[in-house]
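The values are calculated or read from the model by the stated rules, or taken from the named source; none is laboratory data. It should be emphasised that the depicted structure is a prediction, and the values quoted were computed from it without experimental measurement. Here the Cβ is made from the backbone with ideal geometry for all residues, glycine too, and neighbour counts use every protein chain on show.
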Amino acid sequence: MKREEVQLRIPRQTNGFSSRIMPLSERQAQIMEMIRQQDFVGVAQLAAQFDVAEQTIRRDLNSLCERGMARRVRGGIQRLNMAGNTAYAWRQVLQHDEKQAIALEVARHVPNGVSVAFSIGTTPEIICRALLDHDHLRIFTNNLNLALLACANPGFEVTIAGGRLRNEEQDILGVGTVELFQAYKVDIGIYGVAGVDEDGTLLDFYEEEVQARQIIRQNSREIFLVLDHSKFNRRAHVRGGHIREASMVFCDRTPPPAICEMIHKSGARLIVCNGENP
């Protein structure tokens, strides 16, 4: 049987797993982030925002609904039960270029031969990819995607947390993660956040995520906070830490003035990863 005939027999999945087989476009990922925040978005609104025809938007919406990611309703699209953060597969697409710029800059500040603790999230994963040309890094993480990626460099020593995997996120939280990060004193801790409040408070969606990030901070000689501009004033409800606790803050754009002042007063270094002079 020809390969084309086999492909035609593959059933279309509607339970969410197809989102990993068929990657989202950046526009589709942005639409999913919008409905996570707004519950409903309309075809006309999306067509105007993305400057494309309504028929193009309808194809995007139909594709998302066929994958089981949202519900098609009259005039637009509605979210399903999407408590918490945007799905990992979507975040891998959102702000990818910005995250790549951050990753390349972070890589220039990580020497060979050091120990690095990585948190969960897509930005740390992209940073790890940017570090694959480094030599003899010792990596500690609860991020399974990142750990598997790091194994591509045979000179890396990779240690991961034990415990139960979160299926969608493919990471590990809980007692095993705490024990891992408490067992070592690393040179550099690298973590992102779900959001940064206007007062500089770091925010996430789950208490265990905050706990893991705080343990990394307490057991790292230097802290690299990595975040793209979409994280400022993004709504998340679990508080944990402050932006002034970082040694270096890497962002693709200059943060709001009040945040810049907090970073400056803390003695941390702000690195804007698009050529701007902070």
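Considered as a group, the residues in the stretch 188-209 that are crowded, with 17+ Cβ neighbours inside 10 Å and of a type in the set (Asp, Glu) include one that is farthest from Leu137 (Cα to Cα), and that residue is Asp197.
Examine the stretch 148-168 for a residue that is among the charged types (D, E, K, R), touching a residue at least 24 places away in the same chain (Cβ under 8 Å) and crowded, with 17+ Cβ neighbours inside 10 Å, and state whether such a residue exists. No, the stretch 148-168 has no match at all.
Looking at the stretch 245-258 only, could you name the residues that are of a type in the set (A, V, I, L, M, F, W, C) and either farther than 18 Å from Glu198 by Cα or in contact with a Gly (Cβ under 6 Å, 6 or more places away or on another chain) (or both)? Spell out the reasoning first.
Taking the stretch 245-258 and keeping what is of a type in the set (A, V, I, L, M, F, W, C), we get 246, 248-251, 258.
The answer is Met248, and nothing else.
Restricting Gln78, Gln38 to those that are within 23 Å of Glu168 (Cα to Cα), in contact with a helix residue (DSSP H, G or I) (Cβ under 8 Å, 6 or more places away or on another chain) and modelled with pLDDT under 90 reduces the list to Gln78.
If we keep just the residues of the stretch 136-157 that are within 19 Å of Ile223 (Cα to Cα) and not in a loop (DSSP other than H, G, I, E, B), which is farthest from the chain's Cα centre (by Cα)?
Restricting attention to the stretch 136-157, the residues satisfying the condition of being within 19 Å of Ile223 (Cα to Cα) are 137-143, 146.
Pick out the ones that are also not in a loop (DSSP other than H, G, I, E, B) and you get 138-141, 143, 146.
Working: Arg138: 22, Ile139: 18, Phe140: 18, Thr141: 15, Asn143: 11, Leu146: 11 Å.
Here the answer is Arg138.
Working carefully through the options Arg58, Arg67, find the one that is among the basic types (Lys, Arg) and at pLDDT 75 or above. Spell out how you get there, then give the answer.
Details: Arg67 fails: at pLDDT 75 or above.
Criteria check complete, one pass: Arg58.
Among the residues of the stretch 221-278, write down those that are under 28 Å from Gln37 (Cβ atoms), hydroxyl-bearing (Ser, Thr, Tyr) and either in contact with a Lys or Arg (Cβ under 7 Å, 6 or more places away or on another chain) or free of Cβ contacts under 8 Å to residues at least 60 places away in the same chain (or both). Hit for the stretch 221-278 is Thr254, nothing else. The lone criterion from (1) modelled with pLDDT under 95; (2) over 21 Å from the mean Cα position of the chain (by Cα); (3) not small (Gly, Ala, Ser) left unmet by Asp133 is number (1). Taken over the stretch 231-253, the criterion of being under 16 Å from Ala103 (Cα atoms) and not basic (Lys, Arg) is satisfied by Met248, Val249, Phe250, Cys251, Asp252. Every condition in (1) part of a helix (DSSP H, G or I); (2) acidic (Asp, Glu); (3) modelled with pLDDT under 95 is met by Glu276 except one, and the failing one is (1). Close contacts from the stretch 30-48, counting a first residue that is under 25 Å from Asp97 (Cα atoms) and in a helix (DSSP H, G or I) and a second that is among the polar types (S, T, N, Q) and modelled with pLDDT of 80 or more, with Cβ to Cβ under 8 Å and a gap of 6+ residues or different chains, come to Ile35/Gln78; Ala47/Thr56.
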